[in-house]
Each structure stands twice: as C-alpha cells, then as structure tokens.
C-alpha cells in the first residue's frame, strides 16, 4: 500500500461529516433537570446531550458542563438543564467535509458540533470521534501553537501544520477547505505571537497595552484566502485617547508592532513590499485616525491610486477588541454611501486592473493560426479580477463580509446576482485556487514566483474548464461594472 493510501485511511478529512456521526444521539428537554441529564449520559455512555425546545435544538450540555457549571457552582441538581447548557448551538450540514467541521470547531472553540440534515438532527460529533486515531492532527497542532513559548517553536509548528495541510490537499484537492485551514493556522500563529509580544513588553518594563486595541488582517489575509506563499498585510486599531496621552500610546504600539511583525517574518511570512504592515505609523493608529485614512481613500480621484488602496477594503479582526473593527466598518459603509462618486471611481479602478484575457485575439484564435500558446497569470489575471468584482458588488450593497465565497453567498441571498452566476463564480474561484495551490506545491524553491501557467500544461478537460472559468470571471466583472458604474461600457479585446 502506498504512503498516500495509508494516509488517506488515517486522514478522512475529505469525507462528508455525515459519514462520521457516532450512533446513539441523545436529547433532553430544556425543562429537564440536571439529574436527568446525568442519568441519560450514564446510561447511554454519551458525553453530550442536545437540548430541545419544542423539538428544536437550542443548546448542548456536556459532562464538562455538569461538573464546571453544575457541581462546581453548587447548583441544585433539580434545576433545569437550560441553566448549564451552552446556548447558541453551532451546527453543520451533513454533506460538508470533515475538514470543514474541524475548522468550524476550531474557529468557535467548541468540542462538540451538531450535524444536521436540513432541519433534522442527525447527531453530534466531537474532535475525539475522528482525531484520536492520529498522533498528528490539526487540532493538536493548533493547541500546540496556542501554548508555544517561543517564536522559533511557533515557526516549527507552522512547518508541521503546512506539511499536514499539503497532505490533505493531495488527498482531497478541496481548495476552500485548504484556505480555511490555512486561515485558522495563520490566525492562531498571529494571536500567539501577539501574546508573546505582550509578555515581552511587560518583561522589558513597558507594561500592558495602554488602551484597548485590535490587530487586523488585510488583503488575502483579510479575505481568508491565504495559501502556502503569502506575505504580511496587517495593522493595529487602538482606542481613541486624549491628545496628551497619544505620544506614549503610539510609542507602546509601534514597539509592540515591530515585535509581532518580526516574529511573523521568522515564521515564514515575508514583510510586505508595499509596507502594508502595523509597523507603518499610518496603519498603527487610533480609531479616529483610521476613519480619517478611509475618508482620504474614499475621496481619491485617481483610479490608479484607488486601485492600490483597495487592499484596505478587505480588513477583518485577527486579535483583540471586535468593537473597534465594527466601529470602523460602520463608519466606512456610511461614508461610502455619502460619497456618490466613489463607486463609479471604484468601477473605473476595476477596469484598470488586469482582466481575464479570454477575449483576446490570441486566446480565441491560437489553435487556428498557429499562434504562441497562451499563458495565464493565475493570481493577477484570474483570481484578482474575480475578487475585485465581488468586492465592489459587496461594498455597494452594504456588506462587511471580506471572504470572496462569503461575499458571493451574501450577493446571492440578496438576489443581487443570480444563483447560476453565483454558482459559476464559486466554481471558477475554486478552480483557480486549485491551480494556484498546485503551482505553489510543484514549484522548486529556487523558481521565480510568477503564477504563470501555459494552456498546454493542462489536459483538454482542464483547459476547457479554465476557459469557462475565465469567461465567468469576465462576465462577472462586466455585470459588476454595469451594476455599480451604471453604464454598459464595452471592454473590447486586448
């Protein structure tokens, strides 16, 4: 048996989560008592119960809840189980990959996940149900990152995690699950480096953060679309302070930012050539100053300059106070709608960005005229145009989502784009991301990273799918320009 086959047996992450539900689903009414819950668990040998209200799941209670929330707090065992349950239960549909289920658990920091078939409960899965057979698995690596004591230890754990992710992709080929897992790993690495940097600031006598702050990711990090090769795009938003305290606050955060950015570099995330990092004083600032920065960006008249600034429109919280990020998003959306010319300029921005070359003479006629085989820059001529079209449609309709797939879901649910276009765009995005990931996996460490592939490097089926995907992206861009720019403007061939 090959190593790959052996690993596929050990790593069933590409299977549907519905195939890995343990038997013996146990439920209890929200009015049931803590004693009844304990008895059901003991008799069924289950570690969790689903709590129902009129047959609808409203929470989950585990053995840990019985001990920590019940016995430890000396709550009467005759009390309703709803007093100790975990509400706002997290669910997943049965047809989702096991890896996606793990990502959901890690993101929400839960040990049990309710699996549904539509609105019907199928069962509960826990990390232990399908991770105990493996010595090295995503959950244990992330736990190790959370408790790492040095930057060097985190760097090694990142290598281990990326090796595991690569094996999973070899088995499954699921680009969305791949990037989601990368996102979780990178977010945990950043968070742990921030924790270490804060500890280091204390030890050096600078104390704790002087005010509440948020560490944000932008660009591909903000879109949750990082792959194996990615640089840094980050910033710091801190609470507004009185002018007389600003100098001290600036000093603390700028010193802190250098520690985190340098730590990320040691862990394999190169510094951004464009200086889109928290070490840039413009991107390590108070909420008020960030709002001023976005106001400048919104009022930029030059489309090229706005194009370069579009990276800022994908920011999201990585660590810290979510209220600061929400406040900035609320202010941004309000200002976007107050500036009636912004979206037209943003649409012009999209025209200046690279577009899928599918309408060019070479791509249409090369087989007939013996032209040079076309090449494609996957990142610049496919993924970036798709991201840009979805971004502008999303912002124009008030969404604060940053991930391209989540933005497409928002646009489809609001009926801004048709279901068929949304499905085609998702399919095109997934295919292009697969090509990008394979490019990164197959390149030599000495190769220049240009993301260029030749059409002749693909088999006929993939080549046709590539053409269909590029046509979809081209159509999505045209739709976005007409919808947001308000003009049906011909793009011609190029």
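Read-outs: derived from the displayed coordinates by stated rules, not from any lab. This structure is a prediction, so every number in the text was calculated from the model and none was measured. Positions of Cβ are backbone-derived with ideal geometry, glycine not excepted, and every protein chain shown enters the neighbour counts.
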Scattering curve values for region 297-382, log₁₀ I(q)/I(0), Debye with Cα scatterers, q = 0.23 Å⁻¹ = -1.10
Which order, highest average first, do 191-202, 314-325, 292-303 follow once you tally other Cβ atoms within 10 Å for each residue and take the mean per peptide?
-> 314-325, 191-202, 292-303
Mind checking the angle between helix 342-352 and the chain's longest principal axis? C-alpha axes, 0 to 90 degrees, to the nearest 10.
-> 70
Degrees, to the nearest 10: 287-298 long Cα axis against longest axis of the chain = 30
Most to least packed among 147-153, 15-21 [average Cβ atoms within 10 Å] = 15-21, 147-153
In degrees between 0 and 90, to the nearest 10, how far off the longest principal axis of the chain does helix 384-396 point, with axes built from Cα atoms?
-> 70
Neighbour-count ranking for 415, 304 (other C-beta within 10 angstrom, fewest to most) reads 415, 304
At q = 0.18 Å⁻¹, base-10 log of I(q)/I(0) for region 382-494 (Debye sum, equal scatterers on each alpha carbon) = -0.94
Rg/Rh (Cα only; Kirkwood hydrodynamic radius) as it applies to region 32-168 = 1.04
Where both partners of a DSSP beta bridge lie in the chain, what percent of those bridges are antiparallel, to the nearest 5?
-> 75
Ascending count of other beta-carbon atoms within 10 Å, so fewest first, for 84, 40, 236, 75 = 75, 40, 84, 236
Over all pairs of distinct alpha carbons, what does the Kirkwood formula give as the hydrodynamic radius of the chain, in Å?
-> 25.1
Taking R0 as 25 Å and r as the Cβ-Cβ distance between residue 79 and residue 116, the FRET efficiency 1/(1 + (r/R0)^6), rounded to the nearest 0.05, comes to 0.30
Fewest to most Cβ atoms within 10 Å: 252, 290 sort as 252, 290
Per-peptide average of other Cβ atoms within 10 Å, ordering 392-400, 50-58 highest first = 392-400, 50-58
222 nm mean residue ellipticity, helices alone, for the chain (DSSP H n ≥ 4; -39,500 (n - 2.57); rounded to 500) = -16000 deg cm²/dmol
